[in-house]
Each structure stands twice: as C-alpha cells, then as structure tokens.
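For reference, the structure is listed below as structure tokens.
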Amino acid sequence: MTLDDARKRIDSAVAQYGQHAAPAIDLVMAEVRSDLGARAFNELVDEFDLELTYNIAPMESDHSNS
C-alpha cells in the first residue's frame with residue numbers, strides 16, 4: 001500500500017460511513033502501520049485528524065517488524 005492509496009481509502013470510508021468510519025479506518029491504518037511504518041501512520045493521523053475525530057492515536061515510535 002502507498003500513502004496515496006491509504007488517503008483514498010480513508011476518504012472513501014469517511015464519505016461512506018461518516019462518523020461511523022472508525023472500524024474501516026482502523027483496517028486501513030493497520031495495513032499502513034504494517035507496510036509503511038509509524039511515520040506514515042502518524043502522518044495520516046495528523047492529516048485526517050483521526051485522533052480527535054475517530055479516537056485513533058498516533059504511534060509512539062517506529063518499531064515495526066517489517
């Protein structure tokens with residue numbers, strides 16, 4: 001997955017589910033964390049204000065096993 005793919009999928013989830021998009025966004029973010037690491041994960045959290053809107057917190061550091 002690329003950051004652009006993740007952005008499109010998050011936008012789509014928000015458009016489709018609105019305030020109930022958290023489960024779909026969680027799936028995208030899990031894939032982002034696995035494929036791209038904490039930096040990309042945190043970038044998306046900030047970009048889409050996921051912490052405030054969907055209670056998806058940024059990661060502490062980049063200790064992924066990929």
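The values are calculated or read from the model by the stated rules, or taken from the named source; none is laboratory data. This is a predicted model, so every value here is computed, not measured. Because the Cβ atoms are built from the backbone with ideal geometry, glycine has one as well, and the counts that use them run over all protein chains shown. For the accessible areas, the whole protein counts, side chains as well, though only heavy atoms, and no ligand, DNA or RNA atoms are used. Shrake-Rupley method; radii C 1.70, N 1.55, O 1.52, S 1.80 Å.
At-a-glance table
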item	result
Qualifying residue in the range 9-31 (condition: polar (S, T, N, Q) and either under 16 Å from Met59 (Cβ atoms) or touching an Asp or Glu at 6+ places or on another chain (Cβ under 9 Å) (or both))	no
Filter result for Glu43 (open to solvent by 60 Å² or more (accessible area, probe 1.4 Å) and in contact (Cβ under 8 Å) with a residue 40 or more places away in the chain)	yes
Residues being open to solvent by 60 Å² or more (accessible area, probe 1.4 Å) and under 8 Å from the mean Cα position of the chain (by Cα) - total across the range 1-26	1
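To keep it simple, each residue is scored yes or no on (1) at pLDDT 95 or above; (2) basic (Lys, Arg).
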{"position": "Met1", "(1), (2)": "no, no"}
{"position": "Lys8", "(1), (2)": "yes, yes"}
{"position": "Tyr17", "(1), (2)": "yes, no"}
{"position": "Arg33", "(1), (2)": "yes, yes"}
{"position": "Asn42", "(1), (2)": "yes, no"}
{"position": "Asn55", "(1), (2)": "yes, no"}
{"position": "Ser64", "(1), (2)": "no, no"}
